[in-house]
Amino acid sequence: SNFRPMSVPAWNINFIRNSYIKFRKKSGPNFKKIYIERDNLDLSNNENLEKFKKRRAIINSDEVKEFLISKGFKVIKPEKYNFRDQISLYNNAKIIFGLFGAAMYLIALCKKNTNIIEVRPKKASNEFKRISKFCKLKHYQINLKPIIDPGVYTQQGLLNCSIKDIELILRKIK
């Protein structure tokens, strides 16, 4: 079946912010620019891409990661941090770059005016943009057509993210 997330109600975002931001560590991780990295699929063999069409991934993630590191981004995997450190990571960041998905939900813990850069399949929901609006964050989207049609799985897709698209947004932020 084609799962589409329901809209997160404002009370839920308020609850998360009011309940958890106070638990951030004063001495927790403090990176101004973070790239939320997802587990990489082995997409090195382009002949097998069809079997991954129902997954969500940036197929040129190594290139994107290298570029972002050159711009001062710290690559993080939220699941490698305890929850209090995750709160600190998101709350201390000035720019967060990430692929549409569950780890982006934690943008609800960001400070006002944090810049969010979301890479997403064109037909995915706008839930994270909505969270950004509610939390008064500056939200930028890189909307991409999957290289292989994921069919009814519109939240999914193998995405080729242009470095030029990222550069354009980073220039707007400065």
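Find the centroid of the Cα atoms in the stretch 52-86 and in the stretch 99-143, then give the distance between the two in whole Å.
Answer, in whole Å: 15.
Out of residues 5 or more away from residue 142 or on other chains, whose amide H comes under 5 Å of its own, with H placed 1.01 Å from N in the peptide plane?
Amide H neighbours of residue 142, under 5 Å, 5+ apart: 118, 119, 120.
Suppose only helical runs count, i.e. DSSP H with n ≥ 4. What mean residue ellipticity at 222 nm does that imply for the chain under -39500 (n - 2.57) per run, divided by all residues and rounded to the nearest 500 deg cm²/dmol? Numbers along the way, then the final one.
Details: 5 runs with 51 residues, N = 174.
Mean residue ellipticity, 222 nm, calculated: -8500 deg cm²/dmol.
Using the heavy atoms of the protein chains and a 1.4 angstrom probe, tell me the accessible area per residue for the stretch 57-174 in square angstrom.
Numbers: 5510 Å² over 118 residues.
Result: 47 Å² per residue.
Residue 83: accessible area at probe 1.4 Å, nearest 10 Å²?
90 Å²
Can you give the convex hull volume of the alpha carbon atoms of the stretch 92-174 per residue, in Å³?
Residue-normalised Cα hull volume stands at 81 Å³.
Students sometimes get this wrong: rank 109, 168 by accessible area, probe 1.4 Å, all chains present, largest first.
168, 109
Between 72, 110, 90, whose Cα lies farthest towards the positive end of the dipole of the stretch 67-116 when Lys and Arg beta carbons carry +1 and Asp and Glu beta carbons carry -1, centred on the Cα centre?
So the residue we want is 72.
Residue separation times 0.36 nm, minus the C-alpha to C-alpha distance between residue 122 and residue 165: what's the value?
Working it through step by step, the gained length comes to 14.0 nm.
Residue 21 to residue 71: extension gain in nm, 0.36 nm per residue of separation minus the Cα-Cα distance?
15.2 nm
Over the chain, what is the relative contact order in percent, taking alpha-carbon pairs closer than 8 angstrom and at least six residues apart?
Working: 286 pairs, mean separation 47.8, N = 174.
Reported relative contact order: 27 percent.
From Cα coordinates alone, what are the radius of gyration and Dmax values for the chain in angstrom?
Cα radius of gyration and Dmax of the chain are 16.0, 48 Å respectively.
If one takes the longest principal axis of the Cα atoms in the chain, at what angle in degrees, from 0 to 90 and to the nearest 10, does the Cα axis of helix 83-92 lie?
Taking the Cα atoms of the chain, the angle to 83-92 is about 90 degrees.
The values are calculated or read from the model by the stated rules, or taken from the named source; none is laboratory data. Nothing here was measured: the structure is a model prediction, and the numbers come from that model. Positions of Cβ are generated from backbone atoms using ideal geometry, with glycine treated the same way; all protein chains shown enter the neighbour counts. Just so you know, the surface numbers come from the protein's heavy atoms only, side chains and all, with ligands and any DNA or RNA stripped out. Shrake-Rupley method; radii C 1.70, N 1.55, O 1.52, S 1.80 Å.
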